[in-house]
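This report concerns only the one structure given below.
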Amino acid sequence: MGPYVAQVLGDFGKDQDQKEGMCIVKSFTTQELGLVLGVYSKDKDDDIPQFTNAGENFNKSGPPLKAGKTRTFYGLHQDFPSVVVVGLGKRSAGFDDQENWDEGKENIRAAVAAGCRQVQDLELPSVEVDPCGDAQAAAEGAMLGLYEFDDLKQKKKVAVSAKLYGSGDQQAWEKGVLFASGQNLARQLMESPANEMTPTRFAAIIEKNLKSASSKTEVHIRPKSWIEEQEMGSFLSVAKGSEEPPVFLEIHYTGSPNTSEAPLVFVGKGITFD
């Protein structure tokens, strides 16, 4: 336990509430800004928990955090009345050949997502996020964790804006935000009910998002007449079950630096009625 934190916890020990995986100290401020910091678990039994560079400034007490778990502190810093410390797992986590993913990056995504959701549950409108050694993975975790499909709900969760804590790799952070935004768009399209997300609306949303994303992207919305000209009988027969007209959507990306390579074609399926 750092001396500063020891003093804080000693002064306000009577107001402390201990819970599983969480240490809460009552807040004295009305500021509405949260902070998510990462801490690595021990690689060996005799090791001590290792904070990231940002997290080292908030050396907190309590048992070590497991990967993906959170612990929340209040009133420890004048700029950040709510600090959520998240477990990143072992610093030595590397690439998992069996799962074909970088376990360290995935740990950061999952942990930051959990921390940001905790901030959202506290109904704070803003959060700054420790890059945790990989600003892109941290950004992906933040944006994916804060996504909530509540378009059709009367009671909505607080919309939380997230930004990078400190002067880290802003370019990597923005790249992570872009990647997560694409995934969240796909989640929105998938989770919307069919009577709301009609083929026409689906195509319009894709066109709006992709046309503004890159000048090298073309979106072609093919109407029913075009589908009939192509004699796409199976497609048309399925579409007859709905009053909504079918749409065949094409997305062309021409940004490859090597124009001599054969094009890649991805085929997806979005169905209103089946």
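Any read-out appearing in this document is the output of simple, stated calculations on the displayed coordinates, not a laboratory observation. If you're wondering where the values come from, they're calculated on a predicted model, not measured in any experiment. Don't worry about glycine lacking a Cβ; one is built from the backbone with ideal geometry, like all the others, and counts go over all protein chains shown.
Could you work out the relative contact order of the stretch 196-274, using alpha carbon pairs under 8 angstrom and six or more residues apart, expressed as a whole percent?
Values: 71 pairs, mean separation 31.5, N = 79.
This gives 40 percent for the stretch 196-274.
How large is log10 I(q)/I(0) at q = 0.13, 0.18 Å⁻¹ when the Debye formula is applied to the Cα atoms of the stretch 85-194, each weighted equally and without solvent?
For the stretch 85-194, the Cα-only Debye profile gives -0.51, -0.91.
From the phi angles alone, apply the Karplus equation (6.51, -1.76, 1.60; θ = phi - 60°) to the stretch 208-225 and give each ³J(HN,Hα) in whole Hz, x where the residue is Gly or Pro.
Rounded to whole hertz, the list is 4, 6, 7, 5, 7, 7, 7, 6, 8, 10, 10, 10, 10, 9, 8, x, 4, 4.
On full extension of the chain, what length is gained from residue 149 through residue 252, given 0.36 nm per residue of separation minus the C-alpha to C-alpha distance?
Values: separation 103, 0.36 × 103 = 37.08 nm, distance 2.83 nm.
Taking residue 149 through residue 252 to full extension adds about 34.2 nm, to one decimal.
Give me D for the stretch 196-274 in µm² s⁻¹, whole number, from Stokes-Einstein with Rh from the Kirkwood sum over alpha-carbon pairs, 10 °C and 1.306 mPa s.
On the way: Rh = 14.1 Å.
Calculated translational D: 113 µm²/s.
How much length is gained if the chain between residue 205 and residue 183 is pulled fully straight, taking 0.36 nm per residue apart and subtracting their Cα-Cα distance, in nm to one decimal? Could the numbers behind the result be given before it?
Details: separation 22, 0.36 × 22 = 7.92 nm, distance 1.41 nm.
Contour length minus Cα-Cα distance gives 6.5 nm.
Would you mind calculating the gained length between residue 217 and residue 269 on full extension (0.36 nm times residue separation, minus the Cα-Cα distance), in nm to one decimal? Could you put the intermediate results ahead of the total?
Numbers: separation 52, 0.36 × 52 = 18.72 nm, distance 1.96 nm.
Net length gain for the segment: 16.8 nm.
Treat each spin label as a single point 7 Å out from the Cα along the C-beta direction, and report the residue 228 to residue 101 distance in nm.
Output for this residue pair reads 4.6 nm.
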